[in-house]
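We did not get these values from a lab; they are worked out from the coordinates using the rules stated. None of the values given here were measured: they were computed from a predicted structure. Positions of Cβ are generated from backbone atoms using ideal geometry, with glycine treated the same way; all protein chains shown enter the neighbour counts.
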Amino acid sequence: MPNEVKAFKPKIVAFCCNWCSYAGADLAGTNRLTYPADVKIIRVPCSCRVNPMFILRAFQRGADGVILCGCHPGDCHYTTGNYYARRRMTLLFSMLDFLGIEKERTRVEWVSAAEGAKFAATMNDFVATVTALGENKRLEDLRCKE
Amino acid sequence: MNTEALIPKIGVVTKITQETPDVKTFQVVGLDGKKVFEHKPGQCAMLSVPGVGEGMFSITSSPTNKEYMEFSIKKCGCVTSWLHAMEPGQQITIRGPYGNGFPVDTDFLGKDLLVIAGGIGLAPVRSVINYCRDNHEKYGSIQVIYGSRSKDDLVKYKEIIDEWENDPNMIVNLTIDREQEGWDGHVGFVPNYVKELNPDTSKTVIMCGPPVMIKFSLAGLKELGFKETQVYTTFELRMKCGIGKCGRCNIGNKYVCKDGPVFRFDQMDELPNEY
Amino acid sequence: MQGMMINRAKELLRDGTVNRVLGWQAGEFVYDITPAVFETEEELDEGFVYNGFCGNNLSKYLVKETLKEGKILVFLKPCDTYSFNQLLTEHRIDREKVYVVGIPCEGKTSGEMLKSKGISGITGISEDGDNFIVDTVYGQTTIAKADALEERCKTCKSKKHVAYDELIGEDGEVLDSHRFDMVAKLEAMTPDERFAFWRGQLSKCIRCNACRNVCPACTCEQCVFDNPKSGIAQKAAADSFEENMFHIIRAFHVAGRCTDCGECSRVCPQNIPLHLLNRKFIKDIDELYGDYQAGAEVGTRAPLTNYTQDDVEPSIVYHREGK
Amino acid sequence: MLKISLDKLGSLFDAIAEKEALYIPADKAGQPQYMRYQTGMQMTEALNTVRSAKDFFFPQTENLVNFKVSGKTIEIIDPRTEQEDFVVFGVRGCDVRSFSILDKVFLVDPIDTYYENRRKHGTIVSMACTRPSETCFCHTFGIDAAEPEGDAVCWKTEDALYIKANTEKGEALIEKIRPMLEESDDSAVEAQKAATREILGKLPLANFSTEKFGGDVLLKAFNSEKWASLSEACLGCGTCTFVCPTCQCYDIRDYDTGHGIQRFRCWDSCMYSDFTLMAGGQPRLTQKERFRQRFMHKLVYFPANNNGEYGCVGCGRCLSKCPISMNIVKVAKSLEGDL
């Protein structure tokens, strides 16, 4: 090919709750399950610690997709945190869609500490989805682009 | 004046001295090892830490110091905390000088000076004290009344003890707010001490310190017979541009960064009481 | 109506029920009306007005006013009473220090609305049945009141007062407002069309913060956008991202608490239809978590501080085409 | 006097835009605003744009300087690229005057080179008003809406656009488009001026005057008890300052882009509570002081420093845009009794 196009590798931010999903990611690692290295995990004490601003700021700083992982509903370490997170994220994602921003760039998954395989599969699937969407253009901050 | 007023120069912090628990003095030179610019006593400079912010600080060193500039800075906000955390060799940005400075070439000539300072208020007046000491033939005697919360909070204590107190041309009166072990000097607030010392009313007064000290000291001076036209102070307001344009240091028709920070009290009477 | 209100206010001042009256003050051109506090009967006679241009929702001023000494009389239109209840729910107003007089509202207009109809040089406005007769330096024009109404009044949700100590006039009913029609229309567009629509609107924003400062739900002592420690304090949107972020977060912070009073859109100097963002949240909440009207009652739990175990999953967003 | 028939206006714009960037007031999503001209774009029929024309010289945000920080060292980068020549067409008399007020801030020593640079490269073509609004009071400040200032001035009649140069810049512009213009007498323009002036005389604010303000009333106006009630309903938003053509306060902020620091300046408002907030205190404690500052600055402080010229041009934007309809006219009229 005369002009080789560099393959697009999306930057993914994954907010993972300390008690389930972060442990799930650990398990995926110890079981040697692979998922793309472009997923950057940010550990949070609970999925409900994630303010809508965190999601937006991740996009501002160059993320192409943002995923939030927490304990399964009913299993929250703090009893009810993920129920609140669920409502918040539903409304936020709906609003992003309303503004015409690709809804597939955001996702919530419930991953328990025992679900290493699910964690890896989720990340692989999410990365594939975002790769297909291409670079985040609609929620980018031009100043943060190199 | 610098034609690119808003673009700073790089300054290198060569030495940092811990003065008191919350005040440090920073020596700054340019990249070439020389002073970044010349200034007049009482003028200020904009120091900044890129990414943190910019702040206006009075230049503590005297213009007669030809090697470097000094800034005595108290830790109280974002930029100052960052400055306090840094190590020698760190580069910062600097622009200036800003403001009018003290009238050392006009009103102060030949006069006996009385400097009243409280706490970090010594920072801007140290410049004028040392300038007048270095040019003592042009000025009369210098009396300094300086107070702070405690002995440990006296800024530039070493210089005061070693140099100022040994200067035949100077009288230094120190005071601290509360009794303290190892302190045999005066104890009490500055305004009261001023009244006790009963300085000669022919002196020209330079005052800088917390607003409450200024308020009561001024009242005390008036009781002693001083006139407002004899008393100078230097102001602090929020500043962003330093060149009289951004609007926030505006008091009446004056811009503190450009028309100030040094004002005579009779000039301040003509301004709205908004400082 | 105005006369009745002034008389009642005077009575209440005289008998000591209240020591201040919060109402509207006349301006230069009939339509430029300013909220004001009146302390004496003379002041009421001089400046108090109530007419079709008194759009300001007075309930937010009560946050500040109830911190002062004495009881204040406030005139609230039906939609203002929802904001009032919401503020009570959030403990922002001392109910003991307010005397609420509910007043009817036939919908409000504004100088800006008249001007958007091409009317300029206004020297006087009078009401004639269903019409406004507008005198201008260029001659007289007549405009149907219905056409001049603010967007929020064209889709008025309720003529019913949900809070009052006394009413002047008859109370109305909750209306079938069709207020979500425009939201539904946007939802039916393609994402590209929506994106283009909102970029066009939000890029007009000058970040004056009027929408935030006027909002009766925005009563934080320090807004996240003013807090230097929040990392997103901004005075101006230096990038399109910041325009989007400000408006998403502004709407999100009042989601579930917004009573849809429409002040945000009324005050926007750039005429950005900000209420559509709020209504999107309200519509989603209604559809996903059951109907909820913020401020309808005091003490209800807002949808975002509530949950049920079988709430829908966020993935519903992927499957709701045209919602 | 030179003229061009209105049906050729599009080709006139095309001709200017071919040589330099051209901005005209046009409608976007129902809002009149200045936009870069593209073939086919129509001028708005509205009296004036919502945002003033100050953006051309003093944009809402602009990068001042970039820093690259690595370890203890800092590199300073001037981000400016060459400023292109541009023409702003159709500026009203009030906005044209606002430039000379901004000049008195930005072009006095030390000169603001960012502003100066844009000013040098910009040519202002003003447009006489024909349908002033009730919120207009430019005559209060000696502005003639029927014959505005500017590098060149235009009059738009039913069928033609008349144009006249006032400065060298204006002449240079007209020179470039001279072949398209034809000579004409000025009877149509004179008729329009007379008609406009008659309307101006009938406006509700025709007799509004600020005579009583200015330097020596400073403390009297400042200490008036009326500020408390005037500012009572103020929301503390920045609408008035941001739509104002003469408000020039700004903030300087740093933004960390992840690969460098951008120091930018953006409009700021004296109405905001953090405008004067310092680590060491707040000189303007309540909204009353902030509100007072804005009007005192325009009516008293600015004239005291600038030979009596007021910091207001009477464009009326704050009158129509303030969420609570409090504005400089109400303030001035109310204070007048105290002076």
Notebook entry, point to check: Can you give the net charge of the other residues whose Cβ lies under 9 Å from the Cβ of B:Q27, counting K and R as +1 and D and E as -1?
Noted result: -1
Margin query: Quick check for me: using +1 on Lys/Arg Cβ and -1 on Asp/Glu Cβ, what's the dipole size of segment C:69-142 about its Cα centre, in debye to the nearest 20?
Written below: 200
Note to self: Please arrange D:D14, C:D45 by how many other C-beta atoms lie within 10 Å of their C-beta, fewest to most.
What the structure shows: C:D45, D:D14
Checklist line | Within segment B:195-244, trypsin sites (Lys or Arg not before Pro) in DSSP loop having at most 14 other beta-carbon neighbours inside 10 Å | finding: B:K227
Checklist line | With at most 14 other Cβ atoms within 10 Å, longest stretch of chain B clear of loop GluC sites (Glu not before Pro) (DSSP) | finding: B:68-164
Next item on the list: Determine the sum of side-chain charges near D:L299: Lys and Arg each +1, Asp and Glu each -1, restricted to other residues whose C-beta is under 14 angstrom from that of D:L299.
Entry: +3
Next item on the list: Would you tell me the mean number of C-beta atoms belonging to other protein chains that fall within 10 Å of each C-beta in A:47-54, as a whole number?
Entry: 2
Next item on the list: Mind jotting down a quarter of the surface of the convex hull over the alpha carbons of chain B, in square nanometres, one decimal?
Entry: 14.2
Checklist line | 0 to 90° range, to nearest 10: angle between helix B:211-224 axis and chain B longest Cα axis | finding: 30
Check: In terms of Cα to Cα distance under 16 Å, which aspartates and glutamates are near enough to B:K24, apart from those fewer than 8 places away along the same chain?
Finding: B:E70, B:E87, B:D152, B:D153, B:E159
Checklist line | For the protein assembly as shown: rounded, prolate or oblate by the Cα gyration tensor [a/c cutoff 1.5] | finding: rounded
Checklist line | DSSP-defined antiparallel bridges as percent of all bridges, the protein assembly as shown, nearest 5 | finding: 60
Check: Comparing B:I251, B:I243, B:I16, which has the greatest mean-square fluctuation in the GNM of chain B with Cα pairs linked when under 10 Å apart?
Finding: B:I251
Checklist line | With Cα atoms, 0 to 90° folded angle of helix C:240-253 axis to chain C main axis | finding: 70
Check: What is the distance in Å between the Cα centres of segment C:10-63 and segment A:9-82?
Finding: 53
Note to self: I need the phi-derived Karplus couplings for segment C:56-71: 6.51 cos²θ - 1.76 cosθ + 1.60, θ = phi - 60°, integer Hz, Gly and Pro marked x.
What the structure shows: 4, 7, 7, 4, 5, 4, 5, 4, 6, 5, 6, 7, 8, 5, x, 9
Next item on the list: Once you've got the GNM for chain B with C-alpha springs shorter than 10 Å, pick whichever of B:P124, B:P88, B:P191 has the biggest mean-square fluctuation.
Entry: B:P88
Item checked: Environment charge of D:V313, counting only residues whose C-beta is closer than 9 Å and scoring Lys/Arg +1, Asp/Glu -1 -> 0
Check: What percent antiparallel are the DSSP beta bridges of chain C, to the nearest 5?
Finding: 65
Check: Which residue fluctuates the most in chain A, going by a Gaussian network model with Cα springs under 10 Å, if the choices are A:A128, A:A14, A:A28?
Finding: A:A128
Next item on the list: Report the longest stretch of chain D that contains none of the GluC sites (Glu not before Pro) sitting in a DSSP loop with at most 15 other Cβ atoms within 10 Å.
Entry: D:226-339
Margin query: In chain C, if the dipole is taken from +1 on Lys/Arg beta carbons and -1 on Asp/Glu beta carbons about the Cα centre, which of C:C268, C:L76, C:S116 is farthest to the positive end?
Written below: C:C268
Item checked: Theoretical ellipticity at 222 nm over the protein assembly as shown - DSSP helices of four or more residues, -39500 (n - 2.57) apiece, nearest 500 -> -8500 deg cm²/dmol
Margin query: Just want the answer: with Cβ charges of +1 for Lys and Arg and -1 for Asp and Glu, which residue in B:M213, B:I251, B:S202 is farthest toward the dipole's positive end in segment B:196-260?
Written below: B:I251
Notebook entry, point to check: What are the lysines whose alpha-carbon lies under 19 Å from the alpha-carbon of B:K254, with same-chain residues fewer than 8 places away excluded?
Noted result: B:K240, B:K245, D:K104, D:K220, D:K298
Item checked: Taking C:E42, C:E112 and counting other C-beta atoms within 10 Å, the order from fewest to most -> C:E42, C:E112
Notebook entry, point to check: How would you rank B:H136, D:H297, going from fewest to most other Cβ atoms within 10 Å of each one's own Cβ?
Noted result: B:H136, D:H297
Check: What is segment A:12-138 by shape, rounded, prolate or oblate, if you read a ≥ b ≥ c off the alpha carbon gyration tensor as root eigenvalues and call it rounded for a/c under 1.5, prolate for a/b larger than b/c, and oblate otherwise?
Finding: oblate
Checklist line | Shape of segment C:1-113, Cα gyration tensor, a/c cut at 1.5 | finding: oblate
Next item on the list: Among the GluC sites (Glu not before Pro) in segment C:282-323, which ones are in a DSSP loop with at most 10 other Cβ atoms within 10 Å of the Cβ? Mind listing them?
Entry: C:E321
Note to self: Going by amide H atoms built from the backbone, whose H comes under 5 Å of the H on C:V162, apart from near neighbours?
What the structure shows: C:T81, C:Y82
Next item on the list: Please sort by residue number the GluC sites (Glu not before Pro) in segment C:69-108 whose DSSP state is loop and whose Cβ has at most 11 other Cβ atoms within 10 Å.
Entry: C:E69
Next item on the list: With 20 Å as the limit, write out which pairs from C:K68/C:K97; D:K19/D:K156; B:K138/B:K158; A:K137/C:K280; D:K28/D:K156 have Cα-Cα distances beyond it, or answer none.
Entry: D:K19/D:K156; B:K138/B:K158; A:K137/C:K280; D:K28/D:K156
Next item on the list: On a 0 to 90° scale, report how tilted helix C:78-89 is relative to the longest principal axis of chain C, with both axes built from alpha carbons and the result rounded to the nearest 10.
Entry: 70
Checklist line | Distance between segment B:30-91 and segment D:21-62 - C-alpha centres, whole angstrom | finding: 44
